[in-house]
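K.L.:
Take a look at this one; I'll ask things after.
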Amino acid sequence: MELDAAAPVAELTRQLIDIPSVSGNEQAIADAVETALRAAPHLEVVRNGNAVMARTALGRAQRVILAGHLDTVPIKSNVPARRSDDGAELIGRGTVDMKAGVAVFLALAVSLAEPVHDVTWIFYDLEEVESSRNGLGRLARAHPEWLHGDLAILGEPTSGIIEGGCNGTLRADIVIAGRAAHSARSWKGVNAIHRAAPLLTALADYEAETITVEGLDYREGMNAVGIRGGIAGNVIPDECVVTINYRFAPSWDLDKAQRRLEDVVSGSGLEGYQVVYTDLASGARPGLDAPLAQSFADAAARFTEGVPRAKLGWTDVARFSELGIPAVNFGPGNPELAHSDDERCAVAEIDRCRAALEAWLTP
């Protein structure tokens, strides 16, 4: 499908939604984005797998990176896109997360031949899957020279309000040992699922903290998100695995977050277990003290409602933070609707986000 980058940005959003791009199947949308970018003579374009990057080279004093992912979670009868009955909302998979943000960035990439700052535009794949496959991480390894800038803006849905930084996240499997036996002689075994009870109680009683970092409030959370065990309906289980997800404030590093989780597990009274970490991702500090971030916040305030706030989930701003680049989240769409079956975004919000970025980047 050919994209019309000069169309109204809501229409461009619809075109992007109508190209299915579930994680791992982004070739068609990457092809369309690459074609649109290569039609703009002011851009240098590079393709890596199903990620596409473009940049200006105007010799400006500062460079901004604007990045968005092309993939979505699986489709559930919500492609192609459609308008709400009153026409005010666009409905479809990826409307919120994050094809509306991608449409804003793509439209500006093609139309802004002489932005006030040099700009690098990144459209990448495999964001909605495990971190090890993430397209932005792959680009940082394959093309590190492209990931230099003074500020990065990630087009994650924020309802058009700047969200600084992000929480860190880790997942750990707590492997609890038991001893198998026939359930008719249960006293001969040790029920590993029953042994998980103190840990589950401790997690249910855990009181999440709100931690203020550079003026923004980050709420943490530690929760059991999975449990598995059992061999058969007549066997006492010899192992139970409780999966914990811990979301922690960006003022904490991974070592401190791991120690906190391990303290909760050991403090529960649980015995005979192992901790196996399956995912570790640092958070990112707000980044709003960077002069470019401040100037963007001033420009955005003319078009959007609300003051900058904390990003409570983990996003790829953390990757930019690790590279030493201040980064914020900014894009159309209510993040609470991301991945929902009736994912939808107000057309007016898409237009406002484009207007805010255009005003900031226009000399």
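The values are calculated or read from the model by the stated rules, or taken from the named source; none is laboratory data. This one's a predicted model, so the numbers in the text were calculated from it and none came from an experiment. Here the Cβ is made from the backbone with ideal geometry for all residues, glycine too, and neighbour counts use every protein chain on show.
K.L.:
Residues to consider are His42, His69; find the one that is out of contact with any strand residue (DSSP E or B) (no Cβ under 7 Å at 6 or more places or on another chain), touching a residue at least 40 places away in the same chain (Cβ under 8 Å), in the same structural domain as His143 (by TED's automatic domain parsing) and of a type outside the set (A, V, I, L, M, F, W, C).
P.N.:
His42
K.L.:
Shifting gears a bit: Quick one: count up the residues across segment 234-252 that are modelled with pLDDT under 95 and either within 21 Å of Asp205 (Cα to Cα) or surrounded by fewer than 18 Cβ atoms within 10 Å (Cβ to Cβ) (or both).
P.N.:
Residues in segment 234-252 being modelled with pLDDT under 95 and either within 21 Å of Asp205 (Cα to Cα) or surrounded by fewer than 18 Cβ atoms within 10 Å (Cβ to Cβ) (or both): 1 in total.
K.L.:
Kindly establish whether Asp85 is under 21 Å from Asp341 (Cβ atoms) and either among the aromatic types (Phe, Trp, Tyr) or at pLDDT 95 or above (or both). It would help to see each step written out before you state the result.
P.N.:
On the way: under 21 Å from Asp341 (Cβ atoms): yes; either among the aromatic types (Phe, Trp, Tyr) or at pLDDT 95 or above (or both): no.
It is false that Asp85 is under 21 Å from Asp341 (Cβ atoms) and either among the aromatic types (Phe, Trp, Tyr) or at pLDDT 95 or above (or both).
K.L.:
Are any residues in segment 335-351 surrounded by fewer than 19 Cβ atoms within 10 Å (Cβ to Cβ) and within 17 Å of Leu108 (Cβ to Cβ), and if so, which ones?
P.N.:
Passing the criteria: only Asp351.
K.L.:
Has segment 47-65 got at least one residue that is hydrophobic (A, V, I, L, M, F, W, C) and free of Cβ contacts under 8 Å to residues at least 60 places away in the same chain?
P.N.:
Taking every residue of segment 47-65 in turn, at least one turns out to be hydrophobic (A, V, I, L, M, F, W, C) and free of Cβ contacts under 8 Å to residues at least 60 places away in the same chain.
K.L.:
Any idea which residue in segment 214-233 is farthest from Ser282 (Cα to Cα), counting only those that are buried (at least 19 other Cβ atoms within 10 Å of the Cβ) and of a type in the set (A, V, I, L, M, F, W, C)?
P.N.:
My answer is Leu216.
K.L.:
Let me ask another. Consider Thr35 carefully, then state whether it is β-branched (Val, Ile, Thr) and touching a Cys at 6+ places or on another chain (Cβ under 9 Å).
P.N.:
Taking the combined requirement at face value, the residue does not satisfy it.
K.L.:
Somewhere in segment 314-321, is a residue among the β-branched types (Val, Ile, Thr), over 21 Å from the mean Cα position of the chain (by Cα) and in a loop (DSSP other than H, G, I, E, B)?
P.N.:
Taking every residue of segment 314-321 in turn, none turns out to be among the β-branched types (Val, Ile, Thr), over 21 Å from the mean Cα position of the chain (by Cα) and in a loop (DSSP other than H, G, I, E, B).
K.L.:
Among (1) assigned to a loop (DSSP other than H, G, I, E, B); (2) touching a Gly at 6+ places or on another chain (Cβ under 6 Å); (3) without any contact (Cβ under 8 Å) to a residue 60 or more places away in the chain, which single condition is Glu207 missing?
P.N.:
For Glu207, the exception is condition (2).
K.L.:
If only one of Pro332, Pro326 is over 28 Å from Gly92 (Cα atoms), touching a Gly at 6+ places or on another chain (Cβ under 7 Å), buried (at least 18 other Cβ atoms within 10 Å of the Cβ) and of a type outside the set (Lys, Arg), which one is it?
P.N.:
On inspection, the qualifying residue turns out to be Pro326.
K.L.:
Shifting gears a bit: Which count do you get for residues in segment 88-131 that are out of contact with any strand residue (DSSP E or B) (no Cβ under 9 Å at 6 or more places or on another chain) and either on the phi > 0 side of the Ramachandran plot or modelled with pLDDT under 95 (or both)?
P.N.:
Result for segment 88-131: 1.
K.L.:
Of these, Leu112, Leu147, Leu136, which one is closer than 20 Å to Val45 by Cα and more than 21 Å from the chain's Cα centre (by Cα)?
P.N.:
Among Leu112, Leu147, Leu136, only Leu112 is closer than 20 Å to Val45 by Cα and more than 21 Å from the chain's Cα centre (by Cα).
K.L.:
When segment 247-270 is examined, which residues are found to be in contact with a strand residue (DSSP E or B) (Cβ under 9 Å, 6 or more places away or on another chain) and either within 18 Å of Ile153 (Cβ to Cβ) or in a loop (DSSP other than H, G, I, E, B) (or both)?
P.N.:
Residues satisfying the conditions are Ala249, Pro250, Ser251, Trp252, Asp253, Leu270.
K.L.:
For segment 89-104, indicate whether the set of residues that are assigned to a loop (DSSP other than H, G, I, E, B), hydroxyl-bearing (Ser, Thr, Tyr) and touching a residue at least 40 places away in the same chain (Cβ under 8 Å) is non-empty.
P.N.:
No, there is no match, as no residue in segment 89-104 is assigned to a loop (DSSP other than H, G, I, E, B), hydroxyl-bearing (Ser, Thr, Tyr) and touching a residue at least 40 places away in the same chain (Cβ under 8 Å).
Let's see how each residue does on (1) farther than 28 Å from Ala61 by Cα; (2) in contact with a Cys (Cβ under 6 Å, 6 or more places away or on another chain):
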| position | (1), (2) |
| --- | --- |
| Gln258 | yes, no |
| Glu262 | yes, no |
| Tyr273 | yes, no |
| Val276 | yes, no |
| Ala281 | yes, no |
| Leu312 | yes, no |
| Thr315 | no, yes |
| Ala338 | yes, no |
| Arg352 | no, no |
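K.L.:
Check whether at least one residue in segment 33-45 is closer than 20 Å to Glu349 by Cα, crowded, with 21+ Cβ neighbours inside 10 Å and not polar (S, T, N, Q), and report yes or no.
P.N.:
No, segment 33-45 contains no residue that is closer than 20 Å to Glu349 by Cα, crowded, with 21+ Cβ neighbours inside 10 Å and not polar (S, T, N, Q).
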